1. Please list 3J(HN,Hα) in residue order for region 705-719, calculated via the Karplus relation 6.51 cos²θ - 1.76 cosθ + 1.60 where θ = phi - 60°; whole Hz, with x for glycine and proline.
2. Report the dimensions of region 89-224 along its three principal axes from the alpha-carbon atoms, largest first, rounded to Å.
3. Dividing the Cα convex hull volume of region 380-426 by residue count, how many Å³ per residue is that?
4. Please report the accessible area of SER653 (heavy atoms, 1.4 Å probe, ligands and nucleic acids excluded) in Å², nearest 10.
5. Report, to the nearest 10°, how far helix 519-531 tilts away from the longest principal axis of the Cα atoms in the chain, using its own Cα long axis and a range of 0 to 90°.
6. If you take every DSSP beta bridge fully contained in the chain, what fraction is antiparallel? Give it as a percent rounded to 5.
7. Nearest 10 degrees is fine. How inclined is helix 674-694 to the longest principal axis of the chain, computing both from alpha carbons?
8. Mind checking which aspartates and glutamates have their C-alpha under 16 Å from LYS189, skipping anything on the same chain fewer than 8 residues away?
Amino acid sequence: MSKWVYLFTEGNANMRELLGGKGANLAEMTNLGLPVPQGFTITTEACTQYYEDGKQINDEIIGQIKDYMKKLEEITGKKFGDKENPLLVSVRSGARASMPGMMDTILNLGLNEDVVEAIAAKSGNPRWAWDCYRRFIQMFSDVVMEVGKKYFETLIDKMKADRGVKQDVDLNADDLKELANQFKAEYKKQLGQDFPEDPETQLIEAVKAVFRSWDNPRANVYRRDNDIPYSWGTAVNVQEMVFGNMGESSGSGVAFTRDPATGENKFYAEVLMNAQGEDVVAGVRTPMKIDAIKEKLPKIYDQLLSIANTLEDHYRDMQDMEFTIEEGKLFMLQTRNGKRTAKAALKIANDLVKEGKIDKKKAVLDVEPRNLDTLLHGSFVKSELDKAELIGKGLPAAPGAASGKIVFTAEDAKEAAADGEKVVLVRLETSPEDIEGMKAAQGILTARGGMTSHAAVVARGMGSCCVAGCSAIEMDEANRTFKLGGHTYSEGDVISFDGSTGNIYDGPLDVQEGSIDDEDFATIMEWADEFRTMQVRTNADTPEDAAKAVELGAEGIGLCRTEHMFFQGDRIDAFREMICSDTVEEREEALDKILPLQQGDFEKLFETLAGRPVTIRFLDPPLHEFVPTTEEEIQKVADAKGKTVEQIKAIISSLHEFNPMMGHRGCRLTVTYPEIGVMQTKAVIRAALNVQKAHPEWTIVPEIMIPLVGEVKEMKFVKDIVVKTADAELKAAGSDMQYKVGTMIEIPRACLTADEIAKEAEFFCFGTNDLTQMTFGFSRDDAGKFLSSYYDHKIYENDPFSRLDQDGVGQLMKMAVKKGKETRADLHCGICGEHGGDPTSVEFCNSLGLDYVSCSPFRVPIARLAAAQAAIKQNA
Ligand code: PEP
Ligand code: MG
């Protein structure tokens, strides 16, 4: 028989795979002797089993849950469903990796009509008893039975209006009792059955609901964004309730050992008195801040601070904790390594090293590479900011600058963003269902909530700009307007806000590029560079992009897509003239126009890279992207070539391909039109010679890369053209400059025959965009149309074009490296597909022994850090 359930006393922090993060840490805190209400954890394996059994909890697991409930009764001295001394529990999710707010929680479970009456009488606090019961009905209905929250919220609002009060806490025991009855009636109306009275039924249904919530849409989106496999499942924690809603000496709160926004070593906590945890997270009332806690609850403050220090020292990382105060007594409900901004992550890692708590390796491992993106986020142009009208201020919840048209729902944000509109999402408060809209918006502004409200936590994690808790906003969500700073704003009006200051401005403001001018960033990057073994290059086609990449630490160009050099201005005309040629002479004439343009571009790249390696990939234009399409364009080409419009149209129609992605592109172009290869070789070599001459202090070794090779003879054919042309150029110049000719590996056949190809290719660079396309057999341009169904059916968990498919494409790469090195032991291997900037894919590349990854300029720091982490983990 498997063991599906563990008491907190049976676990520890190393068991997070089995117990989830929350369960493992509750066990660890128990072991540390901290005040943790006791309970048990139903394992992640039970969750996986639940799905394997067709979304059923099998009898063995149910049996163990019941047994452990008995054990919990013994530990607490209370009894589940008992009128005298009832045990009430919370039921919470807890995956291996923390997924804040993505899954479900049920509090106050175990209550029924009899128990609530009993505790109301016995506690002398009927208001508390009925508050618990109405919350339980509300949560159970919403989470377990999926009756919408709105019915209950409407009833609460009506009750508050009838009683003439503003806050939930102003409702008295009788009001809450009446509400509980109204809720039960609503439950029956919605579901046609009575609210369950039996605590065991409530428990099993709640556990099922938490397992089910692993598969809810927001959890699925979160997992995709954060690389959390579906197969992990969530654990369920069943824990004795402690009550923050017992009156003014009770409360619920959250604390951070350091500031999660700036990283400052400053204890941070907030408490909402007479409330349960959900109220804090939802941000419904604005909580009491640290100074007030210190002043009004000095004992709690001291105890909390001491626990925080213990936990930070124990975990050697910034902790994010949840706690409850029950009638003046403190209980810890959770601790975890806190989510943080990139700025905070860098500062905390650095400070912990300075404080002697961690070493450099751990510091490098502690910074989430993807998080660095946020450092590169924009801010407002200072001169504009000085002139802008400040209309309000909220909490600076997540850095960045947002400017856009106001929308009031996540749905609208998603739609508008899909249409290419810049929008900002303005809400009273956000809830986890809003995640997709929050992601689509430029920023999120909320009227309610603190630094730890859902909006703040999620936005920080996503790297989106967020200003939270701007209580000056007078919101009218129904009419989609709000008042702030003397203005009334409606949907479509434009505002701007700054997630680093909390300032909100009227009208649009220009957002300027972010900066990494930060000492902590420089230090961590320096350490990362010490540990990583792979080089990081960049994919850049313009000197500006290349310069940015070098500034961000790129050590060379891994991919210059020469066809991209024709996108701008009137260059496309020359390119079209080349495509629309029907004789060699005509094509050579067009190529003569292109040659100086290419040479000039390459010179600038060589100059920008100052002697670092530059890999120039020969033309690989899917022709349909370049052929003239409008009458005007066709006329222009006809005029330039002295042909009729009909003649050009005839050429265009002869160029038509049914599947251009698998068509006449890459090395196939030079096979059919060798003059293209000749022109490009001349351009590369002449540019390199000129720059070498101007800068004798550099050693320039141009790398020419042939795309879309699938056969060694094809590689040899093109290489021979390159070598003949290059050698003639070098001879004419009297130069002994070295150059290399290599290939992209982006066709499965190239992997299968890599030993042969390596006879001709001096280096391999994996073009995993095409390799993914060709391995899966679906188009990189069209896959988006059907991938969402694949996610829905769990056929794929991620887009294989952004995260490398290690099981398929990755295996081909592995084979290619092995076979290639059998032929050429020192074969230099890299990757330049989009995956080169994706941290998990970078880690995989490290395991393959690649020499470098190449990615877009803004991802260079991410790749540097990811490569360092991969090296550290691989050597551990
Ligand atoms: C690739 O296919 O991965 C690649 C880098 O080339 P491109 O995206 O230009 O086809
Ligand atoms: Mg390609």
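1. For region 705-719, the Karplus-derived couplings read 10, 9, x, 6, 7, x, 8, 4, 5, 5, 4, 5, 4, 6, 4 Hz, x marking Gly and Pro.
2. That gives 46, 31, 30 Å along the principal axes, largest extent first.
3. Measuring per residue, one finds 104 Å³ for the Cα hull of region 380-426.
4. SER653 exposes around 80 Å² with every protein chain in place.
5. Helix 519-531 and the main axis of the chain meet at about 70 degrees.
6. 60
7. 80
8. Qualifying aspartates and glutamates at Cα under 16 Å: ASP142, GLU146, GLU153.
The values are calculated or read from the model by the stated rules, or taken from the named source; none is laboratory data. Predicted, not measured: the structure shown is a model, and the values here were computed from it. Neighbour counts run over all protein chains shown; Cβ positions are idealised from the backbone, glycine included. These area figures cover heavy atoms from the full protein model, side chains too; ligands, DNA and RNA do not enter into them. Shrake-Rupley method; radii C 1.70, N 1.55, O 1.52, S 1.80 Å.
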